[in-house]
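The next block holds one structure in the form of structure tokens; read it before the comments.
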Amino acid sequence: MKINVMQDVLQANDRIAQNNKELFKKNRNLVINLMSSPGAGKTSLLEKTAERLAGKLRLGVIVGDIETTRDADRISKFKIPTIQLTTGTACHLDANMVSSALPHMDLSKIDILVVENVGNLVCPAEFIIGEDYKVMILSVTEGDEKPLKYPLMFRESSLMLINKIDLVLYTNFNIGEAKANAGKINPDIEIIEISCTQGTGLDSWISWLINKHRKKLGELAHA
């Protein structure tokens, strides 16, 4: 007799993710699952996002880390709803973990909810959490071959942000090669080049968020 444990785990996760999705739909939240390897710049991006969305759309953040509240502490300084989830040994957030945070947030007062997943290029892509879009960050301090080495992350993501482009001259990272490799894995992936320290490309990122939020509201209006 064959027992497929992984399938059972994913099926249970997907049921909870659907419940999360219905709750987000009820509260008209656009939900982004933000993923990357450690140090790629997720928290820095969220700090800049909080600054640039102020007065436009209401941001909320759920932060996932194995230990500490350092990232949540950084984001909460912007006076936005922030919840820290510490996973212990788990290398990702799943739908149940996200669900546990939701009673502690007033979703009716959030337009865009970003879930900052645990830094990892493998596990986070395997679990849906009820999000509208998966967005991943690839920094130039990593490698342009990463889409080929970790294809699931790039296949599942709607948008790839290439971060730290201000440092590209100090690396052997080839932006064109990274884009081509991502396109081989996912021909539909959108790509924006950014620098959180210099501000390059952040207007395009904010426009992407605003347009996706507007699109979701339009879909809900016609549902």
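A short reminder: the numbers here are calculations on the coordinates, not readings from a lab. A quick note: this is a predicted structure, and the numbers were derived from the prediction, not measured. Virtual Cβ from ideal backbone geometry, glycine too; neighbours counted across all protein chains shown.
Report the FRET efficiency, 1/(1 + (r/R0)^6), for Ile175 and Leu152, where r is their Cβ-Cβ distance and R0 is 22 Å, rounded to 0.05.
Working: r = 22 Å, r/R0 = 1.00.
For Ile175 and Leu152, the calculated efficiency is 0.50.
For the chain, what is the Kirkwood hydrodynamic radius in Å, using each pair of distinct C-alpha atoms? Could you put the intermediate results ahead of the total?
Numbers: mean 1/r = 0.0561 Å⁻¹.
Every distinct Cα pair counted, the radius reaches 17.8 Å.
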query: What list of ³J(HN,Hα) couplings, whole Hz, do you get for segment 98-114 from phi and the Karplus terms 6.51, -1.76, 1.60, once you set θ to phi - 60° and write x for glycine and proline?
result: 4, 4, 5, 7, 5, x, 9, 10, 8, 5, 5, 10, 10, 8, 10, 10, 9
task: Can you tell me how much longer the chain between His104 and Lys25 gets when fully stretched, taken as 0.36 nm per residue apart minus their C-alpha distance, in nm with one decimal?
output: 26.7 nm
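Assuming R0 = 35 Å, what is the FRET efficiency of Lys184 and Thr68, from their Cβ-Cβ distance, to the nearest 0.05?
Values: r = 37 Å, r/R0 = 1.04.
According to the calculation, E is roughly 0.45.
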message: Under 10 Å, Cα contacts only: if you run a Gaussian network model on the chain, which one of Pro187, Pro147, Pro81 comes out with the highest mean-square fluctuation?
response: Pro187
statement: Charge dipole of segment 15-221 built from unit charges on the beta carbon (Lys, Arg +1; Asp, Glu -1), centred at mean Cα; most positive-end Cα among Ile192, Asn27, Ile137 is Asn27
field: Relative contact order [Cα under 8 Å, 6+ residues apart], segment 15-221, whole percent
entry: 25
